[in-house]
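This report concerns only the one structure given below.
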Amino acid sequence: MAKKARATKRKAWTRGHSAELRKHSKARTPVIKISKAMKRTVGALRQQALKLGMFYVDNVSRKRWVMKFNDRKTLAQIDAVFVTIEPRGGSNKPSGAPLMYAYLNVSANHP
């Protein structure tokens, strides 16, 4: 008799998870141990940052910038975003320090 495949369920990352990951990172804990402790797959822990694009000036007088990205499949996978300054021509992965960070899986704090 064939085994029934389990449906994979996506777990959201919380701020507590981020703090725990930083603690493991400083301690140089192996990824396998972290995945067992956090009940996550190794692939989820090794997920790479995605390059979403560049910011463009939206309103000069208000000093407002905007970035547009319309790939729904990619956006559905993103829990958080951060902004870095990269060299001219860009880079394949983030090389600068994060300037801004936003966690997107949070409910609004107002009605």
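The values are calculated or read from the model by the stated rules, or taken from the named source; none is laboratory data. Just so it is clear, the model here is predicted, and its values are computed rather than measured. Neighbour counts run over all protein chains shown; Cβ positions are idealised from the backbone, glycine included.
Here is a yes/no grid of residues against (1) under 24 Å from residue 15 (Cα atoms); (2) at pLDDT 80 or above:
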{"position": "65", "(1), (2)": "no, yes"}
{"position": "77", "(1), (2)": "yes, no"}
{"position": "84", "(1), (2)": "yes, yes"}
{"position": "89", "(1), (2)": "no, yes"}
{"position": "103", "(1), (2)": "yes, no"}
{"position": "111", "(1), (2)": "yes, no"}
* In the range 58-73, residue nearest to residue 84 (Cα to Cα) [restricted to those that are over 24 Å from the mean Cα position of the chain (by Cα) and not basic (Lys, Arg)] -> 58
* Would you check which residues across the range 23-55 are among the charged types (D, E, K, R), at pLDDT 80 or above and under 15 Å from the mean Cα position of the chain (by Cα) and list them? => 51
* Residue ranges of strands (runs of 3 or more DSSP E) in the range 46-111 with at least 1 members surrounded by 10 or more Cβ atoms within 10 Å (Cβ to Cβ) and hydroxyl-bearing (Ser, Thr, Tyr) -> 100-103
